[in-house]
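K.L.:
Handing you this structure, nothing more for now.
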Amino acid sequence: MPQNSQEELRKICLEEDTNAQKNFWDIAISTPLYNFAELKGLITYIFNNQNQYDLTNDQLLISLMNLLIRYLDRCYKENHFAEAEKVGKFVNTMPSNFSIIFHKLVVKYYLALFNNDSELANKIIGLINQSGFQHYTKTLPQIKGEKI
C-alpha cells in the first residue's frame, strides 16, 4: 500500500476511534499500518485518558481489549517487554466483566510468553482449546523453541 494511503488511513482511524469514543475497532484492525512508536503513543494516550472512556460499555471494552491484544502481539514480535508489562497492569485494573474473560486470558498468555513461562502458557492454551477455540490458538505465537 502506498505510504500516503497508509498515512491517510491511520489518520482517519485514529480520529474516528479516539474522538468518537464509541469503540477501538478501526485502530485495532489498522495496527499493521502503524510503526511501533505510533502505537505506543496511542496506547499511552488511552492509558492516560482511561477515565474518559466508558469501560462499562461492552462493545467499547471488547474493542479496546482487541486493540491491546494486537498491541501485545507487536510487543512480542518486536521484543518490547516493558510495554507488555504496562498492558498487563492496565488490564488487571479493568472491570471483571464476562464479555472480556477470553481477552484477559489471551493477555495472560502473552505475558507468560514474555516471562518464558511455558507451563502457564501451555495451561492457557489447553483451557482455550477446551473452550472450543482451537482455531484461535493456532494464530497465537509460541514460546521460542517450543511447540504448544
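K.L.:
Sort out for me the helices (runs of 4 or more DSSP H) sitting completely within segment 80-148 that have 3 or more residues that are in contact (Cβ under 8 Å) with a residue 12 or more places away in the chain and surrounded by 13 or more Cβ atoms within 10 Å (Cβ to Cβ). Spell out how you get there, then give the answer.
P.N.:
Working: elements: 81-93, 101-114, 118-130, 134-137.
The helices (runs of 4 or more DSSP H) meeting that bar are 81-93, 101-114, 118-130.
K.L.:
Related question: From the list Thr137, Thr93, which residue is of a type in the set (Ser, Thr, Tyr) and within 23 Å of Leu42 (Cα to Cα)? If you could, list the steps in order and put the result at the bottom.
P.N.:
Values: Thr137 fails: within 23 Å of Leu42 (Cα to Cα).
Going through Thr137, Thr93 in turn, the sole match is Thr93.
K.L.:
Then there's this: Here is a list: Tyr76, Tyr110. Which entry is in contact with a Pro (Cβ under 6 Å, 6 or more places away or on another chain) and under 16 Å from Leu140 (Cα atoms)?
P.N.:
Details: Tyr110 fails: in contact with a Pro (Cβ under 6 Å, 6 or more places away or on another chain).
Tyr76 is the lone residue from the list that is in contact with a Pro (Cβ under 6 Å, 6 or more places away or on another chain) and under 16 Å from Leu140 (Cα atoms).
K.L.:
Next up: What are the residues in segment 25-48 that are free of Cβ contacts under 8 Å to residues at least 24 places away in the same chain, open to solvent by 50 Å² or more (accessible area, probe 1.4 Å) and either over 20 Å from Glu83 (Cα atoms) or not in a helix (DSSP H, G or I) (or both), if any?
P.N.:
Across segment 25-48, the qualifying residues are Asp26, Asn35.
The values are calculated or read from the model by the stated rules, or taken from the named source; none is laboratory data. Model, not experiment: these values are computed from the prediction. Neighbour counts are summed over all protein chains in view; Cβ atoms, including those assigned to glycine, are modelled from backbone coordinates with ideal geometry. With ligands, DNA and RNA removed, areas are computed over all heavy atoms of the protein, side chains included. Shrake-Rupley method; radii C 1.70, N 1.55, O 1.52, S 1.80 Å.
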